[in-house]
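The values are calculated or read from the model by the stated rules, or taken from the named source; none is laboratory data. These numbers come from a predicted model, not from an experiment. As a convention, Cβ positions derive from the backbone with ideal geometry for all residues, glycine included, and neighbour counts pool all protein chains shown. Surface areas here come from the heavy atoms of the whole protein model, side chains and all, with no ligands, DNA or RNA. Shrake-Rupley method; radii C 1.70, N 1.55, O 1.52, S 1.80 Å.
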Amino acid sequence: MSLAIEHMALTGDETHRGRIDAIDGLRAVAVAAVMAFHCGIGLDGGFLGVDLFFVISGFVITRLLLAERARTPRPSLGSFWFRRAKRLLPAVLLVVGTVQAWMLLQDPPGLRPTVNAQTLAALTYTSNWYAVLGHVDYWDVAQEQAPLNHLWSLAVEEQFYLVWPVLLIGLTTWGSVQIRHPHRLLLAAAAACYLLAHLLYLPGMPERAYLGTDSRAGALLLGAVIAFRPGLFSRFSSPAVAVLGWLWCTADIDSAAFYAWQLPVAGIAAVALIDATAHQDRFRRTLTSRPLLWLGHRSYGLYLWHWPVWVYLGVNHPEWNQGTTASVAVSASVLLSAASYRLIERPVRTSPLRPRILLPALAVCSVVVAIVTTIPVAAPVDAHNDGPIVTGPNAP
């Protein structure tokens, strides 16, 4: 099976010409929405910033794969996955290792069992399925027991990165049947994912619908659509901004309406905004402002750090009001993400280290962190057995 990439993948001379700075500006907007939701400062639907991240990832990764396929008849999947590991794993190891250090140094009552399980899930990029299938329910764990709850979204993306390049490069390299309109196939697949989320939703038990890779891949596939067919949704950018703004203020993560229509509408609005940002000048002046670009380049670190920082402050300073906690959490998260970007993420990503050197080093670090989790601890304390609960926003 062979996709018609000679036409689709090269439509528009900018489509595969390198980094689009305005997309980094959108990343800043997305992480700001998620942080506002977690800190309880005015965006009840700010968790949908994760969906904006998903659409961006689907677009960027597919765009990169198509560009590589255009350059060489047999792109290297190993090289692609190695670049992903260089980009993503060091920062995750730093955050997870820091959380484990906190557990060892302070040993907050009741936290370590859940943190240890979430650490192992994070190291294997299965956090979403641990939350769905694990012994501790995602929604029922008190906030002070789940500093790594938010890593479910990274697991969804990593699982997509593992499967999607195989499908895309395999289909464009070794097949014989031509798909004339690949974007239509992707749209149908995205619709199937959104339908699955709707069918899997159970009132009061949204974990499977909200966290499943299959039920949340729709946004990633929508991003892939505009990598194949740039400009398809860009004409809808103005209403998309209004729709996203409305949903980010009003969406309810545990409502039938969210899974019936709000989630797919949010995905379509996000893809329209990204499509316009990538291929039109309309939003670029705002999204390429220096503050937004600075935050966008560090958005990955901001996402990783902000929730553990919030949990840490809730545990150690329960006397603080929400405004004080939010201010300190945001400031600390920005500083930590800036340090991570400068000292860890960028140096590793741009280093000339080859896989035979870097991958064993990352594997050793992962094993060390995993070994720490084997230290015997008391039985888990969670909402099911009347563990302590600290009030505050729920992690999405």
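Do you know which residues across the stretch 111-137 are at pLDDT below 85 and open to solvent by less than 10 Å² (accessible area, probe 1.4 Å)?
None; the set is empty.
Working only within the stretch 206-233, note down all residues that are open to solvent by 10 Å² or more (accessible area, probe 1.4 Å) and hydroxyl-bearing (Ser, Thr, Tyr).
If the condition is that a residue be open to solvent by 10 Å² or more (accessible area, probe 1.4 Å) and hydroxyl-bearing (Ser, Thr, Tyr), then THR213 is the only one that fits.
Any idea which of (1) under 25 Å from THR119 (Cβ atoms); (2) of a type outside the set (S, T, N, Q); (3) in contact with a Cys (Cβ under 6 Å, 6 or more places away or on another chain) is the one VAL348 doesn't satisfy?
(3)
Anything in the stretch 304-320 that is touching an Asp or Glu at 6+ places or on another chain (Cβ under 7 Å) and more than 18 Å from GLY110 (Cα to Cα)? List them, or say none.
Within the stretch 304-320, none qualify.
Out of the stretch 363-388, which residues are of a type in the set (A, V, I, L, M), touching a helix residue (DSSP H, G or I) at 6+ places or on another chain (Cβ under 6 Å) and modelled with pLDDT under 95?
VAL372, VAL377
If you take the residues in the stretch 99-110 that are open to solvent by 20 Å² or more (accessible area, probe 1.4 Å) and in a helix (DSSP H, G or I), which one is nearest to VAL368 (Cα to Cα)?
This residue is ALA101.
Keeping to the stretch 276-334, report how many residues are closer than 30 Å to MET103 by Cβ, free of Cβ contacts under 8 Å to residues at least 12 places away in the same chain and outside any helix (DSSP H, G or I).
Selection size over the stretch 276-334: 4.
In the set ALA251, ALA256, which member is in contact with a Pro (Cβ under 9 Å, 6 or more places away or on another chain) and either within 22 Å of GLY218 (Cα to Cα) or open to solvent by less than 50 Å² (accessible area, probe 1.4 Å) (or both)?
ALA256
Yes or no: ALA28 touching a Leu at 6+ places or on another chain (Cβ under 8 Å), surrounded by fewer than 18 Cβ atoms within 10 Å (Cβ to Cβ), of a type outside the set (S, T, N, Q) and in a helix (DSSP H, G or I)?
So ALA28 does not fit the description; no.
Listed here are the residues, each with its yes/no results for (1) at pLDDT below 95; (2) in contact with a helix residue (DSSP H, G or I) (Cβ under 7 Å, 6 or more places away or on another chain); (3) under 26 Å from ARG298 (Cβ atoms); (4) not in a helix (DSSP H, G or I).
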residue: LEU89; (1), (2), (3), (4): no, yes, yes, no
residue: GLY97; (1), (2), (3), (4): no, yes, yes, no
residue: ASP140; (1), (2), (3), (4): yes, yes, no, yes
residue: LEU168; (1), (2), (3), (4): yes, yes, no, no
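Answer yes if at least one residue in the stretch 146-156 is open to solvent by 50 Å² or more (accessible area, probe 1.4 Å) and modelled with pLDDT of 90 or more, and no otherwise.
Checking the stretch 146-156: not a single residue is open to solvent by 50 Å² or more (accessible area, probe 1.4 Å) and modelled with pLDDT of 90 or more.
For the structure I just gave you, tell me whether PHE47 is surrounded by 20 or more Cβ atoms within 10 Å (Cβ to Cβ) and out of contact with any Lys or Arg (no Cβ under 8 Å at 6 or more places or on another chain).
Yes: the conditions hold for PHE47.
Select the helices (runs of 4 or more DSSP H) contained entirely in the stretch 194-252, then report the ones holding at least 1 residues which are closer than 24 Å to TYR161 by Cα, in contact with a His (Cβ under 6 Å, 6 or more places away or on another chain) and of a type outside the set (A, V, I, L, M).
Correct list: 213-228.
Looking only at residues that are surrounded by 24 or more Cβ atoms within 10 Å (Cβ to Cβ) and among the β-branched types (Val, Ile, Thr) in the stretch 260-281, which one is nearest to ALA219 (Cα to Cα)?
Out of the qualifying residues, it is VAL271.
For the structure I just gave you, tell me whether LEU93 is in a helix (DSSP H, G or I) and either surrounded by 16 or more Cβ atoms within 10 Å (Cβ to Cβ) or in contact (Cβ under 8 Å) with a residue 12 or more places away in the chain (or both).
When the stated conditions are applied, LEU93 passes them.
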